[in-house]
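*Asks:* Have a look at the structure that comes next, please.
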Amino acid sequence: MSSSNNADKTATNQLWGGRFASGPAAIMEKINASIGFDKKLYRQDIAGSKAHAEMMTKQGVLKPEDNAAIQAGLDSVLQEIEEGRFEFKVAHEDIHMNVEARLSEIIGPAAGRLHTGRSRNDQVAVDLKLWLRDAIDQLIGDVKALQSILIRRAEEHADTVMPGFTHLQPAQPVTFGHHLLAYVEMLGRDRSRLADCRARLNESPLGAAALAGTPYPLDRHFSAKLLGFDKPTENSLDSVSDRDFAMEFLGLGAIMGVHLSRLAEEIVNWSSPAFGFVRVADAFSSGSSIMPQKRNPDAAELIRAKAGRTIGNLNSLLIVMKGLPLAYCKDMQDDKEPVFEAVETLSLSLAAMTGMFEGITINKDRMRGAAEAGFITATDLADWLVLDLGMPFRDAHHVTGRIVALAEAKGQRLDELTLEEMQSVHGAIHKGVFGVLTVEGSVARRTSYGGTSPTQVRDAITRAKARFL
């Protein structure tokens, strides 16, 4: 081992205890270190340390001159990291000890007083909560941006008729605007879950120390307020062992990933020649290395795949946490990477989906043509028999089925049958029936709240703008 590495290990031992006569084995150092990923928390770690020092000074635990040195030194460390001049060292294990070691080099013995009244156990919980709080704020903005473009495209296509599907079979006509608003609602629930998660995590563990609290006269309410938390956590054991907030975030992230995957699947289907409903812009498509005619919706396919990543992130942390006794265990070091990856994956997926809908081209004629296939207004015929002829719905369903069979045998749409042909099935049918057999007539009649009629869709767009934008 080089002399510089020996020096690093000596510095590490000074930081985390005189209990050990020598540094860790090389493999132990590698498995134990988290600086490769938790350096992402540097802003939050420094913010937490600055707040802790301010609080200790207020409480008379730390001298004002030491606090002044600590504050200035931490500002210097932050500047070094921001400017790329900071050397992160594996020997110092994690972001907390890397920052503290550099602070000690800058200001000397005063740095050793910073850790009074806290532990890395409460420190890392504070850091992760602060980081995730910022990430949630960013994701809420990302979701809003996607909702905004979906609402705009829905407004453009409030009366564009397309087939609505069940079992991926044509079921009833809907409007494309109505279809897009379904995803606006899903994303709205995603935003609500993000906000709920943020509210629940917004309690400060700082000052809980290792697990039992501290004999120092700390004002945890003051440090919580400095960091923008609503209040300090109530129980010191829970404070350092709680990762509910991370699991909750990963759970809602998995749900959001599934919502994005479902919309991505729609794009994959709609952009295929068999559907031909949309054309994905070149910027979000790719070609084939061997088939020159291909236009592959790769961005949509990748978003669809990344739902598996977000689900995997949730499973990873659930499995890490499921058997841990109170309080802190080193297993919990593996809480951060799933959270970091989920945030990155979701942010990228949201941006890609927003970009796709900014540039997507809608083929209204192809959508309308598809809506006329498969006797898609059969339910409208059954409803007309109930509303106009007073027929019980089960009887209306049977009569409609016979009329559909007649049209199928003749190779015609329902609205192409003559009145006499329909009267051959049920004599009370009159010419008013033709008003409900077109796809436009079908969607226009779906006027119940939240329905697909263009008037309802436009009303829903007005409400969506007020709720989400």
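The values are calculated or read from the model by the stated rules, or taken from the named source; none is laboratory data. In this text the structure is predicted, and so the values were computed from the model without any measurement. Quick reminder, even Gly has a Cβ in these numbers, built from the backbone with ideal geometry, and neighbours come from all protein chains shown. The area values use the complete protein model at the heavy-atom level, side chains included, leaving out ligands, DNA and RNA. Shrake-Rupley method; radii C 1.70, N 1.55, O 1.52, S 1.80 Å.
*Asks:* For residues in the range 207-250 being open to solvent by 10 Å² or more (accessible area, probe 1.4 Å) and hydroxyl-bearing (Ser, Thr, Tyr), which is farthest from Val320 (Cα to Cα)?
*Replies:* Ranking the candidates gives Tyr216 first.
*Asks:* Among the residues of the range 131-149, are any farther than 18 Å from Phe277 by Cα, of a type in the set (Asp, Glu) and not in a helix (DSSP H, G or I)?
*Replies:* no
*Asks:* For the range 20-53, name all the residues that are surrounded by 13 or more Cβ atoms within 10 Å (Cβ to Cβ) and either more than 35 Å from the chain's Cα centre (by Cα) or in a loop (DSSP other than H, G, I, E, B) (or both). Full working, then the answer.
*Replies:* The initial filter retains those residues of the range 20-53 that are surrounded by 13 or more Cβ atoms within 10 Å (Cβ to Cβ), namely 23-24, 29, 32-35, 37-53.
Within the range 20-53, Gly23, Pro24, Ala33, Ser34 qualify.
*Asks:* Next question. Here are Arg309, Arg295, Arg279: which of them is among the basic types (Lys, Arg), at pLDDT 95 or above and in contact with a strand residue (DSSP E or B) (Cβ under 9 Å, 6 or more places away or on another chain)? Outline the logic, then answer.
*Replies:* Numbers: Arg309 fails: in contact with a strand residue (DSSP E or B) (Cβ under 9 Å, 6 or more places away or on another chain); Arg295 fails: at pLDDT 95 or above.
Going through Arg309, Arg295, Arg279 in turn, the sole match is Arg279.
*Asks:* Also, quick follow-up: Applying the selection to the range 260-277, what residues are out of contact with any Gly (no Cβ under 9 Å at 6 or more places or on another chain), crowded, with 21+ Cβ neighbours inside 10 Å and not in a loop (DSSP other than H, G, I, E, B)?
*Replies:* Result: Leu260, Leu263, Ala264, Ile267.
*Asks:* So, in the range 282-292, how many residues would count as being at pLDDT below 90 and either within 25 Å of Asp190 (Cβ to Cβ) or open to solvent by 60 Å² or more (accessible area, probe 1.4 Å) (or both)?
*Replies:* Step one: filter the range 282-292 for residues at pLDDT below 90, giving 285-292.
Filter once more, keeping what is either within 25 Å of Asp190 (Cβ to Cβ) or open to solvent by 60 Å² or more (accessible area, probe 1.4 Å) (or both): 289-292.
Number of matching residues: 4.
*Asks:* In addition: With Thr345, Thr354, Thr379 as the choices, which residue is open to solvent by less than 60 Å² (accessible area, probe 1.4 Å), of a type in the set (Ser, Thr, Tyr) and out of contact with any helix residue (DSSP H, G or I) (no Cβ under 6 Å at 6 or more places or on another chain)? Working first, answer last.
*Replies:* On the way: Thr345 fails: out of contact with any helix residue (DSSP H, G or I) (no Cβ under 6 Å at 6 or more places or on another chain); Thr354 fails: out of contact with any helix residue (DSSP H, G or I) (no Cβ under 6 Å at 6 or more places or on another chain).
So the residue among Thr345, Thr354, Thr379 that is open to solvent by less than 60 Å² (accessible area, probe 1.4 Å), of a type in the set (Ser, Thr, Tyr) and out of contact with any helix residue (DSSP H, G or I) (no Cβ under 6 Å at 6 or more places or on another chain) is Thr379.
*Asks:* Would you check if there is a residue in the range 206-227 being closer than 18 Å to Val339 by Cβ and part of a helix (DSSP H, G or I)?
*Replies:* Just the residues of the range 206-227 that are closer than 18 Å to Val339 by Cβ, to begin with: none.
Among the residues of the range 206-227, not one is closer than 18 Å to Val339 by Cβ and part of a helix (DSSP H, G or I), which makes the answer no.
*Asks:* Test of understanding: among Leu130, Leu218, which residue is within 20 Å of the chain's Cα centre (by Cα) and among the hydrophobic types (A, V, I, L, M, F, W, C)? Steps first, answer last, please.
*Replies:* Numbers: Leu218 fails: within 20 Å of the chain's Cα centre (by Cα).
Answer to the selection: Leu130.
*Asks:* Can you tell me which of Ala444, Ala464 is in contact (Cβ under 8 Å) with a residue 12 or more places away in the chain, assigned to a helix (DSSP H, G or I) and crowded, with 16+ Cβ neighbours inside 10 Å?
*Replies:* On the way: Ala444 fails: in contact (Cβ under 8 Å) with a residue 12 or more places away in the chain.
Every option except Ala464 fails the conditions.
*Asks:* How many residues are under 46 Å from the mean Cα position of the chain (by Cα) and either under 18 Å from Met162 (Cα atoms) or open to solvent by 80 Å² or more (accessible area, probe 1.4 Å) (or both) when one looks only at the range 393-434?
*Replies:* 8
*Asks:* Another question, if that's okay. Identify, by number, the condition in (1) hydrophobic (A, V, I, L, M, F, W, C); (2) crowded, with 20+ Cβ neighbours inside 10 Å; (3) within 30 Å of Arg220 (Cβ to Cβ) that Ala300 doesn't meet.
*Replies:* (3)
*Asks:* Hey, can you tell me all the residues within the range 214-232 that are over 30 Å from Ile255 (Cα atoms) and either in contact with a Leu (Cβ under 9 Å, 6 or more places away or on another chain) or acidic (Asp, Glu) (or both)? Full working, then the answer.
*Replies:* Here is the first cut: in the range 214-232, the ones over 30 Å from Ile255 (Cα atoms) are 214-226.
Leu218, Asp219, Arg220, Ser223, Ala224, listed by residue number.
*Asks:* May I ask you to list the residues in the range 138-191 that are open to solvent by 30 Å² or more (accessible area, probe 1.4 Å), polar (S, T, N, Q) and in contact (Cβ under 8 Å) with a residue 12 or more places away in the chain?
*Replies:* Across the range 138-191, the qualifying residues are Gln138, Ser148, Gln169, Gln172.
*Asks:* Taking interchain pairs and intrachain pairs at least six residues apart, which have beta carbon atoms under 7 angstrom, with the first residue in the range 192-212 and within 13 Å of Pro232 (Cβ to Cβ) and the second open to solvent by 50 Å² or more (accessible area, probe 1.4 Å) and in a loop (DSSP other than H, G, I, E, B)?
*Replies:* Asn202/Asp230; Glu203/Asp230
*Asks:* Would you check if there is a residue in the range 308-322 being part of a loop (DSSP other than H, G, I, E, B) and closer than 23 Å to Val343 by Cβ?
*Replies:* Applying the first criterion (part of a loop (DSSP other than H, G, I, E, B)) to the range 308-322 yields 322.
So of that shortlist, the ones also closer than 23 Å to Val343 by Cβ come out as 322.
Yes, the range 308-322 contains a residue that is part of a loop (DSSP other than H, G, I, E, B) and closer than 23 Å to Val343 by Cβ.
*Asks:* Do we find that Gly323 is open to solvent by 20 Å² or more (accessible area, probe 1.4 Å) and touching a residue at least 60 places away in the same chain (Cβ under 8 Å) in this structure?
*Replies:* On the way: open to solvent by 20 Å² or more (accessible area, probe 1.4 Å): yes; touching a residue at least 60 places away in the same chain (Cβ under 8 Å): no.
In short, no.
*Asks:* Can you confirm whether the range 172-188 contains a residue that is within 30 Å of Pro232 (Cα to Cα), part of a helix (DSSP H, G or I), in contact with an Asp or Glu (Cβ under 9 Å, 6 or more places away or on another chain) and at pLDDT 95 or above? Explain how you work it out, then say what you get.
*Replies:* Of the range 172-188, the ones within 30 Å of Pro232 (Cα to Cα) are 188.
When the remaining residues are screened for being part of a helix (DSSP H, G or I), the result is 188.
Still in the running and in contact with an Asp or Glu (Cβ under 9 Å, 6 or more places away or on another chain): none.
No - not one qualifying residue is present in the range 172-188.
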